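Following: one structure in structure tokens, then a few remarks.
The values are calculated or read from the model by the stated rules, or taken from the named source; none is laboratory data. All values reported here derive from a predicted model rather than from experimental measurement. When we count neighbours, we look across all protein chains shown, and the Cβ atoms used for this are built from the backbone with ideal geometry, even at glycine.
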Amino acid sequence: MTNFEQRLPEEEKKEQSIGEHTQIIWRSFWKKIIRLAHIEQDTDYEATIQSISTAVEFKGINIWILALAIIVASVGLNINATAVIIGAMLISPLMGPINGIGLGVGIMDVELLRKSLKNLGIMVIISLLASSVYFFLSPLSEAQSELLARTSPTIFDVLIAFFGGMAGIVATSQKKQSITVISGVAIATALMPPLCTAGYGLGTGQARYFFGAFYLFFINAFFIALSTFIIVRYLHFPYKSYMDPIRQRIVRRIITAFSIIVLTPSIFMAIQMVKKTSFQNNTSRFLTEIQKSSIFANTQILNYQKEFSNKRSTLTLSLIGEELDKTEIAVLQEKMNDFGIKNTDLVIKQTESIVNANMQTDVLEKIIDQKNQQIVSKDSTIVKLKNSLLMVNADSTLSRQIAKEISAQYPFISSFSINNSIYTDPHTLTNDTLPTALLTWSSRPNATTMKQLETWIRIRLDLDTLKIIVNQ
């Protein structure tokens, strides 16, 4: 048997030992992570159920709070005041019934589920009425950016609602509740603004605002409730028990059927939003890339429209300049596949079909003006850099000349440096730029000589002020 054959079993044993050691380390690390992330021992089941059940109630003070919060949010949206909108979200009681729906499904409590759905419906109706009346009476009818931002739901709204709702129920379920987390969830999940925007659509007679905003509210509410349900089951909240086992089976079947009915279309809508967001992002990257290609060397994109559809989407480009031929259009269509834009028609509107001769001339002149402005800006930058280089060279020549003069008149100075320095007042935080001379001497001069030196440097360099710093 060779030495190699003798060493082979030993090497295999060594490799096996290393592998086992690695597995032990990994299992130990994973167990530690699980222990750190474990929250079940800090969960207060009874207090959480009682807290959410109380928040579901909608009468008396909650009605006033909701109505006032809706008006505050509507004013904030109307005047485009983000801080006002955030304040309204903090005082809104809308989260209560939504968490109640998730908890009711999670613990199979049909009474809590029914009460939550009923009160949420009443809250929505009151919110829509209050906001629509406000916007109907408001003299400011133009939609601001804060309103427009609540009319087109995206997958990011789903993620915010889901993970924000999850953070909320985790904080609520703990023995030491974090008010900071709960307040942050109320702001992040943004339930009030979509309802107010839907009211704006009703008050101003614009259906697209109503349906877009109400769709966003439904998405937010559903995924907050879903995250609540998931955490309730993860923490093993006890199911509600009924004295009658037959009734208990009926309740569970009703809640299961309700969950399936609500969950199925919501999953479909979430998938649609993922597809739409992907389409929007991919077309944006596609448009940015193609404008750098040689195809658009003498052509400009005047405008574009993205129309997403589950069956067949459309990307319309309005062009000005040199007309694209069929080959170039075919290249663009092939590039769309490279960016993941599928089942999409590319519609090209050339110059002749969208503008007349005068408009074409005007647009071309604007393009030329923009190019000229870019050239002028670049030329200005080049001139500044050249001037800076000349100034550096000139300063170097002047510095040598002054060095000769100082050596002849003030031989005790061994080195010097003159620059513009920035001085900051630590109390007012204001800046001031002063010419500063940094001198190093071999023997200390008297005060009269220093004054003469300062005067000479100011006159020699034509300076109004001068600060002298001396090193020995």
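Does segment 96-141 hold any residues that are assigned to a loop (DSSP other than H, G, I, E, B), within 18 Å of Gly76 (Cβ to Cβ) and not small (Gly, Ala, Ser), and which are they?
Residues satisfying the conditions are Pro139, Leu140.
Looking at segment 171-191, is at least one residue assigned by TED's automatic domain parsing to the domain that holds Ala88, outside any loop (DSSP other than H, G, I, E, B), surrounded by fewer than 22 Cβ atoms within 10 Å (Cβ to Cβ) and modelled with pLDDT of 70 or more?
yes
Which residue, of Thr277, Thr283, Thr256, is surrounded by 12 or more Cβ atoms within 10 Å (Cβ to Cβ), among the hydroxyl-bearing types (Ser, Thr, Tyr) and in contact with a Leu (Cβ under 9 Å, 6 or more places away or on another chain)?
It is Thr283.
Mind counting the residues in segment 59-75 that are under 18 Å from Lys118 (Cα atoms) and touching a residue at least 60 places away in the same chain (Cβ under 8 Å)?
Number of matching residues: 3.
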